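Undergrad: I am attaching a structure below and will ask some questions about it afterwards.
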Amino acid sequence: MNKKTMSYHLTPSERAIMDILWHEKSSMSQSAIIDKAKESGTMAWKERSIFSMINSLLEKGIIEEDSFIRSGKTYARTFKPTTSRAEFYAHLVFDSLSEKELREFKSCLRSLSAGNAADIQPQDDDKVAE
């Protein structure tokens, strides 16, 4: 299986922005993101830094421009995630683990979803001879 190499590394501030965007059901402007971060107490950056963080997320392909909205006398861009939170973390795990580790990870997920979180061990069919 060939893995697609892509950077899914997010800084803590980028992760806070993504958490806001993933939680909202519609696209948001930079000022709306700042307002939401202030409201939730997750704003760990200076307001003027939002522009560079948004550009970084755009370059990584994790968000995209969605539309424009009226903001005072001008217009502001709105942004939305290109993937769901689950898809993002699935790619992060997939790109980080070896084939053997992925099999073990899948086994752990099966155990967790079956309610066996306390007893997570690889299944015999997932073990690979070394």
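The values are calculated or read from the model by the stated rules, or taken from the named source; none is laboratory data. Every value quoted in this text rests on a predicted model; they were computed, and no experiment measured them. Cβ placement follows ideal geometry from the backbone for every residue including glycine, while neighbour counts extend to all protein chains displayed. Surface areas here come from the heavy atoms of the whole protein model, side chains and all, with no ligands, DNA or RNA. Shrake-Rupley method; radii C 1.70, N 1.55, O 1.52, S 1.80 Å.
Undergrad: Segment 1-114: D in µm²/s via Stokes-Einstein (Kirkwood Rh, Cα pairs, 25 °C, 0.890 mPa s)?
TA: 156 µm²/s
Undergrad: Could you tell me the calculated FRET efficiency between residue 75 and residue 46, based on Cβ-Cβ distance and R0 = 25 angstrom, to the nearest 0.05?
TA: So, using R0 = 25 Å, E works out to roughly 0.60.
Undergrad: Residues of segment 63-92 with backbone nitrogen within less than 18 Å of a virtual label 7 Å along the Cα-to-Cβ line of residue 112, please, listed as ranges.
TA: Residues 84-92 qualify, since their backbone N sits under 18 Å from the label point.
Undergrad: Enter the accessible area of residue 28 (Å², nearest 10), with the probe set to 1.4 Å and all protein chains included.
TA: Residue 28 has an accessible surface of roughly 20 Å² with all protein chains in place.
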